[in-house]
Amino acid sequence: MEIAVHIDALHRQGDHLADAAERAGLAAAIPPCQPWLVKDLLRHTGYIHRWAARHVTECPDTVLDGPPEADILRGGAADEDLLAWFRAGHAALVQTLSTADPGLRCATFIDAPSPLAFWARRQAHETAIHRADADSALGVRPDYPPDFAADGIDELIMGFGQRRKYRPSAEHTGDMDVRATDTGHAWHVGTEDGRIQARRAPAAPDSADPAGCTVTGPASGLYLFLWNRSDAPQAGVTITGDRAFLAAWQSSVRVRWG
């Protein structure tokens, strides 16, 4: 996806997040992120937006350190000013990315065509997934554009997944295919030397060498399921084969601050 498309998604998803948070109220629970409340979600995501923008404006050679999550959740603005603080940080990040030099050089932590492409993509999906958290406080589930959702699955599998060490065991061996039924995107995930290895794969199953587990569904549902924001039935996701590898993969590949 183009940088401008990611920035536009960041803009829209952040607005959705703030609107949902306002409707739910600061004290509403966030079921996928217990024991977070809406105010914790706003402080976390608001801090991440400001942290990301610093990479684009300050151009550090290494990824900037930040405080522990507990300190982030005690920071930000006072409760009565929290929504305005979040909206201001989100708007500033959108503006920073929109006006940045396409040739800027700064630290990143996943391979990308350029640093600007990395930060635009990462913050678009960071915000979109936390938008799902805000929606969960209202008891609703978002529906993402299929190509955007497939891009987020790709970032998770090809980016975050391959940065993680895998914890193999006799019960958690094998591989899996992930297939988006509406966009045709597909990925194959396995392990080698204690690390997750992934590749983009043809959408059609390889009958000569089938994966031990196959996960299929619409891209938006897969996006929420693989980011641990929805269970499979609610997301319209079908799982066939041995689920042990999927369970081990989901417990190993979790994106956390720190």
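The values are calculated or read from the model by the stated rules, or taken from the named source; none is laboratory data. Just so it is clear, the model here is predicted, and its values are computed rather than measured. So basically every Cβ, Gly included, is an ideal-geometry build from the backbone, and we count neighbours across all protein chains shown. The protein model used for the area step is the full one, side chains on, heavy atoms only, and it has no ligands, DNA or RNA in it. Shrake-Rupley method; radii C 1.70, N 1.55, O 1.52, S 1.80 Å.
One table, with the values for the structure above:
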read-out	value
Elements of type helices (runs of 4 or more DSSP H) contained in the stretch 147-254, each with 2 or more residues being over 16 Å from His125 (Cβ atoms) and either open to solvent by 70 Å² or more (accessible area, probe 1.4 Å) or modelled with pLDDT under 90 (or both)	232-235, 244-252
Pairs, first at positive phi in the stretch 235-249, second among the polar types (S, T, N, Q) and open to solvent by less than 50 Å² (accessible area, probe 1.4 Å), C-beta under 9 Å, six or more apart	Gly236/Ser220; Gly241/Thr214
Subset of the stretch 4-27 [open to solvent by less than 30 Å² (accessible area, probe 1.4 Å) and of a type in the set (Val, Ile, Thr)]	Ile7
Condition met for Pro32 (open to solvent by 50 Å² or more (accessible area, probe 1.4 Å), under 24 Å from Ser136 (Cα atoms) and under 21 Å from the mean Cα position of the chain (by Cα))	yes
Hits in the stretch 102-119 - residues which are within 17 Å of the chain's Cα centre (by Cα), in a loop (DSSP other than H, G, I, E, B) and not charged (D, E, K, R)	Thr108, Phe109, Ile110, Ala112
Enumeration of residues in the stretch 77-128 that are surrounded by 21 or more Cβ atoms within 10 Å (Cβ to Cβ), of a type in the set (Gly, Ala, Ser) and within 19 Å of Ala20 (Cα to Cα)	Gly89, Ala124, Ala128
Check on Thr62, out of contact with any Gly (no Cβ under 7 Å at 6 or more places or on another chain) and open to solvent by less than 50 Å² (accessible area, probe 1.4 Å)	no
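Yes/no matrix, rows are residues, columns are (1) at pLDDT below 95; (2) in contact with an Asp or Glu (Cβ under 9 Å, 6 or more places away or on another chain):
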position	(1), (2)
Asp19	no, no
Glu22	no, no
Ala29	no, no
Gln34	yes, no
Leu42	no, no
His49	no, yes
Trp85	no, no
Gly89	no, no
